[in-house]
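Asks: Pasting a structure here, questions to come.
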Amino acid sequence: LFINGNTTFWKGGESSPHALMKGDDLMIKALAPRGLALRVWSNLTRVKGRVIRVEKNRYVLRVSDLHTPQAELMLEVSERTIYEDAMTGNLKGKSDGAISEGDYLDAIGEQISEGLQATLVYLYHAQRAISRPGTVPQVLGTAQLEPFGPYCTYTYSGYASWFNCSTGAGRCETCNTSRSDQAAWPALDTCGCCSPSCCDCSKGCKDQIYLWCGKDVNVLDLCQGWSRTVYIADCGPCQKANCAGCSPETCGRQCSDCRGYVGAVIDLTRPTFAYFYDPASRGCFSCDVQVTVLCP
């Protein structure tokens, strides 16, 4: 890649190439592979969490995801930080004390050693708690913020298996062998059966929530610690053959790896499985699968 006078740079805000340092992570928009760089972002990251403490020019957030379960993170702000009220869409240049403990922030900015230097902050007020035993580790949103929320995050523990899905095939007809981010989900239809025409294959086993074609979920490999966001392209795996329409059942099966988790919770396309392991040498790995949706 090369740059010229039209290339723009971002590092915690509009910047110059001189601000870039060795070790910075870059995201680049270019005209073509190894062509002219049009836009360069440095150390760009995004965090979501609830404010547990307000300090001068910064907030302490409690975040919870697959990588940082219930961790605290420092969110720094400056005069150039932009705030957007998630309910009204109003923008303002300063928070003016409008952010309080208990508020939920969705922030984009530059990753720094202390946490995040925010450029844009989406602000959600007056959070309310929602509980659903055993499946909801975190809660976002308020009753007043729909359709922005409330959001519930579900985590399912089991193992990931793999399957072949040719380009243009699958329940969603979106499988593509050149992609390594596609998967099958066992609950797409509320029909009570698991068959070629009815995808209700988790009932009576993991009881996973119903999703839809193209929905994103996060897969965390519990042996290596690798994770990947994947998108639903097909139906599977068969956890419970409640209508004798699928085989084999995976609800009671165990994966022979470092964790030995029981029950397949997601089925990855072969190229997606290959991101984690060689499909020729193994057929599963223990994982946590996390998905965030509007609360029921």
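The values are calculated or read from the model by the stated rules, or taken from the named source; none is laboratory data. Because the structure is predicted, anything quoted here is derived from the model rather than measured. Heads up, the Cβs are rebuilt from the backbone with ideal geometry, glycines too, and the neighbour counts pull from every protein chain shown. Note: accessible area is taken over every heavy atom of the protein model, side chains too, but ligands, DNA and RNA are not part of it. Shrake-Rupley method; radii C 1.70, N 1.55, O 1.52, S 1.80 Å.
Asks: Excluding residues on the same chain fewer than 8 positions from Lys240, give the aspartates and glutamates whose Cα lies under 20 Å from its Cα.
Replies: Partners within reach: Asp189, Asp200, Asp207, Glu249, Asp267, Asp288.
Asks: Keeping all protein chains in the complex and leaving out DNA, RNA and ligands, what accessible area do you get for Leu61 with a 1.4 Å probe, in Å² to the nearest 10?
Replies: 0
Asks: So how far apart, in nm, are the two label points at Asp189 and Arg282 if each is 7 Å from Cα heading toward Cβ?
Replies: Here the answer is 3.4 nm between the modelled labels.
Asks: Further, regarding this structure: Past 32 Å, Cα to Cα: identify those pairs from Lys11/Lys206; Lys22/Lys48; Lys22/Lys56, in the order given.
Replies: Check vs 32 Å cut-off fails for Lys11/Lys206.
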